[in-house]
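> This structure is in structure tokens; I'll ask about it shortly.
The values are calculated or read from the model by the stated rules, or taken from the named source; none is laboratory data. Values in this document were obtained by computation on a predicted structure and should not be read as measured data. Heads up, the Cβs are rebuilt from the backbone with ideal geometry, glycines too, and the neighbour counts pull from every protein chain shown. Surface accessibility is based on the protein's heavy atoms, side chains included, excluding ligands, DNA and RNA. Shrake-Rupley method; radii C 1.70, N 1.55, O 1.52, S 1.80 Å.
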Amino acid sequence: MPRPTDRFYPFTLQIFRMIALLGCLLLQSFLFRIAFLLHYGAHTGWQSFREDLPPGLFMGLRLDVQVTLYFLIPLLLLALGSFLFKDQRCERIARIWSLALGCFFSLFLLTDFFYYRYFGTHFSISVFGIVDDDARAVLQSVWEDYPLVAILSSGLILTALIASLILGIYRSSALRKLSSYRLPGRAALLVFPLAALLMRGSTGTFPLRNHDALVSKNNFINTVCLNPFLCLKEAYKSYAATGNFRPIDDMLREAGYASASEAVADYLNLPPDSITGDPLAHLLCVTPVDSFLAEHPPHVIFLQMESMGVNGLSLQNDRLNVWGKLKDELTHCIYYEHFLPYTSESTIGSLEGILVSNPFGYLTQSRMENRPLPASVARPFKKAGYETRFVTGAKQGWRNLHTFLPLQGFDFVEGRETILHDIPETEIQDWGVFDEYMFRQILHDLQQASAPQFVYGMSITNHSPHQLPRGYVPEEINLDEALKQRLLGNEEYTRKGLSTFRYANDCLADFIHTLRHSPWAEHVIVAVSGDHPFKGFLKARQGQPYDTYGVPLILYIPDRYRKNKTIHPRQRGSHRDIFPTLFHLSLSNASYYNLGNNMLGNDTINRTAFAPSHLLIDDSCAVDLQMKHCYGNIGDSVFVMHDNPQAANPLIHRYHAWMTVLNYVLLRSLSGESL
């Protein structure tokens, strides 16, 4: 047995301490997974796939080993330093790093645990949206919606426990004794090649990746097994890419197309040699010449409602009234419930998707924020002689909209500041002003108008911290036992959220009711959709993608404009289809980019719905891009797993072509090239 002064001794001791720390951190990650499973797993159907859980947890363990070893690289280097230089400072630095790492892991995993409660995912691109958003309002929401005292107390207890375990590792006499033997000392040298192999995670062609944890047909089991550190890494790559736009040729090459003409032909389902000249010219679509529309242009109002998700609206029953007054108003409207958003996570993502066909989001806060985009939905209206307005209850400078929107063809951008000026009695809240005042501002603008109006409205009230105006008295929210089992938060928090959900619906209903009984009743078209689902309250149900991703589309169309339009309320659609529908309803001989479909037309492609990066649906199947699942036997809400995933290839191909064309139009615009 060598003396402790042997140069192998401090090196071996450091290696064994590192291995013990690795075990400690892996155990912590495993326990968080089990807590995640037990806390969020009700009504996710994972029990029917329990045989997938052990291999899923094993794959999660491999990912945890891979990630944790990267954080332990400094300890490997310090162990090597103690071997080469016999420097006692290496041990002190290693102790400090180990304590900091243990505490960081605890707080990171705890934050990810509660992040899922609101967003329904591990860390995603939305976490960077929190940084970019109204910081004061975000902090206020966190303060009011989360039990911060309990969370912070749990965090302190957890970090104290981990710190005591790590200190125990460094005080362990057993590790000192084991390190003093010659054979373990020499064997410790094997840790370097072994660590390199485990950090790669695989001996095959590709290293281990986060999506390798998708081992089950059950979405929740797959979610449990993902590594939150890798989720954050992937989210950052997506976030960073929003400001780094590739050259067009590189984008086309990566998408598998030799030219833009080939991509456009694929998207339009035309022979490749039929696209001659500028490919963009073939994407222009023109509404029919209509003398009635030319002489009687209607006001057109599109309302993007905060968190108006199908998952919230579907809770309506005899005992729980979340629709409020909207239930009666919908009898005068067309209601599509099989509808998908541009994104299931962020307001700005759906706003940019609907407004300028940007599938990525965050363009308003990138280096390209000052570029006019010809695909803006405001431009066809502006060319037709409309005044174009963007009206929101948020601050006018939210996400730089006050500078971005005028470049996209909007004559007026009206937010909290304008509303407070025009309606002095307006009541404010953390994010801006309550929805009822946004609607009053729109009515005020209609009263003052001397030209047809196009209004893009964006509500904000149905958002954490779920505040209500003083004059609104919410009805009692009754939660039955089945619903209580699906809650992500406590009952009080859920009642608060459902009350603001109903308030927003009441405000919308009052607005439509006022329009129907106003001088504009026969001269205004209104479209309404949610920006994303109702987040942070309900656990998604297995096999029900609309429950996870869906939003409604509501259309109010006076008879004189409805004419003989084809109406199929059970038709599928998505955000990309809203404005092609509105253009055909309101504009004569107007050109626009053919990036979506007319919901009231006869084209069978209308039955295809795309939620970029999330869900694709057509008549034959559906594909969940997040969980890599293919569904067949498509029903109204409950989908059944497809026996032959290859059946989804045509749908995925159509989506791929559409996304490539979106990229092409956007990159052409951002390059400054004339369209």
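> Taking the 0 to 90 degree range and rounding to the nearest ten, how far is the long axis of helix 135-145 tilted relative to the main principal axis of the chain, both from C-alpha atoms?
80
> What FRET efficiency do you get for Ala647 and His211 if R0 is 22 Å and r is their Cβ-Cβ distance, rounded to the nearest 0.05?
0.55
> If you place +1 on the Cβ of every Lys and Arg and -1 on the Cβ of every Asp and Glu, how big does the dipole about the Cα centre of segment 484-564 come out, in debye to the nearest 20?
Magnitude of the dipole: close to 260 debye.
> Give the Rg/Rh ratio for the chain, taking Rg as the radius of gyration of the Cα atoms and Rh as the Kirkwood radius, to two decimals.
That ratio is 1.02, to two decimals.
> If amide H atoms are built 1.01 Å from N in the plane of the peptide, which residues on other chains or at least 5 residues away come under 5 Å of the amide H of Leu303?
Gly457, Ala527, Val528, Ser529
> May I ask you to order 247-254, 155-162 by the average number of other C-beta atoms within 10 Å around their residues, highest value first?
Going by the mean number of other Cβ atoms within 10 Å, highest first, we get 155-162, 247-254.
> Please sort 438-446, 286-294, 41-49 by packing, taking for each peptide the average over its residues of neighbouring beta carbons within 10 angstrom, highest first.
Top to bottom by mean Cβ count within 10 Å: 438-446, 41-49, 286-294.
> Please list the non-local residues whose amide H lies under 5 Å from the amide H of Gln429, H modeled 1.01 Å from N, same-chain partners needing a gap of 5 or more.
Long-range HN contacts for Gln429: Phe434.
> Just the number, please: carbon plus sulfur as a percent of the accessible area of the chain, 1.4 Å probe, no ligands or DNA/RNA counted.
58
> Right, another one. Expressed as a rounded percentage, what relative contact order does the chain have, with Cα pairs under 8 Å and six or more residues apart?
It comes to 19 percent, rounded to a whole number.
> Then there is this: Quick one: how many Å² of Cys90 are accessible to a 1.4 Å probe, rounded to 10?
20
> Using modelled amide H (1.01 Å from N, peptide plane; none on Pro or chain starts), what sits under 5 Å from the amide H of Leu615, excluding residues fewer than 5 places away?
Leu625
> Round to a whole angstrom and tell me the spacing of the C-alpha centers of segment 254-292 and segment 497-549.
For segment 254-292 versus segment 497-549, the Cα centre distance is 35 Å.
> Rounded to the nearest 5, what is the percent of antiparallel bridges among the DSSP beta bridges in the chain?
Given both bridge residues lie in the chain, the antiparallel proportion sits at roughly 55 percent.
> Shifting gears a bit: Need one number for segment 498-541: average projected area of the convex hull over its C-alpha atoms, nm².
4.1
> Mind listing the phi-derived Karplus ³J(HN,Hα) values for segment 464-478, rounded to whole Hz, using 6.51, -1.76 and 1.60 with θ = phi - 60°, and x for any glycine or proline?
Whole-Hz 3J(HN,Hα) from phi for segment 464-478: 3, x, 6, 8, 10, x, 4, x, 9, 9, x, 6, 5, 9, 9.
> Related question: Please work out the average accessible area per residue across segment 37-120, using the 1.4 Å probe convention, and give it in Å².
Spelled out: the 1.4 Å probe surface of segment 37-120, per residue, equals 48 Å².
> Averaged per residue, what accessible area in Å² does segment 343-499 show with a 1.4 Å probe, protein chains only?
Each residue of segment 343-499 exposes 36 Å² on average to a 1.4 Å probe.
> Give the accessible surface of segment 186-323 per residue, rounded to a whole number of Å², with probe radius 1.4 Å and ligands, DNA and RNA excluded.
For segment 186-323, the solvent-accessible area averages 48 Å² per residue.
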